[in-house]
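Colleague: Mind looking over this structure? Questions follow.
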Amino acid sequence: MSTKNLTQCAMLTALALGLSWMESAFPLSALIPLPGVRLGLANIVTLFALYVLGAPSALLVLLSRCILGAVFAGNMNALIFSVLGGLSALGCMTALSRCRALSVYGVSVGGAAAHQCGQIAAAMLTLGNSAPVYYLPVLLFVSVFTGSVTGLIVALLFRALDAAKALPASR
């Protein structure tokens, strides 16, 4: 990994941590009173990193964000939820991004749904039973909305960077 790539990953990790903190300051639960529902603004950075830097760098950003976020928040219990949800989302988005028929919107919605599945798996591991599976349909329904918002923001970001001629040619 080059110094430039490592620096880009560090900057994206800091941005993802900032977005995650900002999102926790304005909880979505006031609008949607469902436990565990978040927009997932930090996933904007993961999706951006996947498309611009590639899967290995996106994985580094994701894991760094999850670990540092848990340490800074003082909530190491949330780490398993964050990591399992994030790894599920990144794996799904990596596979879907290779499908030329899907735009960044489809990749984002797929990642949001996979993130919910990963978090339900974490809940099942934590609780030791399968009861959280019954909440999955609600979370999958909400993930269509949250994934669409994330996809829209990334699409707008790509459009702005493309207009500024600031995107790497490899994308």
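None of the figures in this text is laboratory data; all of them are computed from the coordinates on show. Just so you know, these numbers come straight off a predicted model, no measurement behind them. Note: ideal-geometry Cβ built from the backbone for every residue, glycine included; neighbour counts use all protein chains shown.
Colleague: May I have the convex hull volume per residue, in Å³, for the Cα set of the range 54-171?
Modeller: So the per-residue Cα hull volume is 118 Å³.
Colleague: Could you order peptides 159-166, 144-151, 41-48 by the average number of other Cβ atoms within 10 Å of their residues, highest first?
Modeller: 41-48, 144-151, 159-166
Colleague: Across the range 54-68, in residue order, what do the Karplus-derived ³J(HN,Hα) couplings come to in whole Hz, using 6.51 cos²θ - 1.76 cosθ + 1.60 with θ = phi - 60° and x for Gly and Pro?
Modeller: Result, rounded to whole Hz: x, 4, x, 5, 4, 5, 4, 4, 4, 5, 4, 4, 4, 5, 5.
Colleague: Could you tell me how many degrees, from 0 to 90 and to the nearest 10, lie between the Cα long axis of helix 42-53 and the main elongation axis, the longest principal axis, of the Cα atoms of the chain?
Modeller: 40
Colleague: Then there is this: Quote to one decimal, in nm, the extra length available between Tyr134 and Ala163 on full extension: 0.36 nm per residue of separation minus the C-alpha distance between them.
Modeller: 6.0 nm
Colleague: If you don't mind, there's one more thing I want to ask. What ranking do 12-23, 120-131, 64-75 get when scored by the average of other Cβ atoms within 10 Å per residue, highest first?
Modeller: 12-23, 64-75, 120-131
Colleague: Using θ = phi - 60° and the Karplus relation 6.51 cos²θ - 1.76 cosθ + 1.60, list the HN-Hα couplings for the range 124-129 in order, rounded to whole Hz, with x at every Gly or Pro.
Modeller: 5, 5, 5, 7, x, 8
Colleague: A further question follows. Using helices alone, I'd like the mean residue ellipticity at 222 nm for the chain: each DSSP H run of four-plus residues gives -39500 (n - 2.57), total over residue count, nearest 500.
Modeller: Rounded to the nearest 500, the figure is -25500 deg cm²/dmol.
Colleague: Can you list the HN-Hα couplings for the range 95-100, worked out from phi with the Karplus curve (6.51, -1.76, 1.60; θ = phi - 60°), rounded to whole Hz and with x for Gly and Pro?
Modeller: In residue order, the calculated couplings are 5, 5, 5, 7, 8, 5 Hz.
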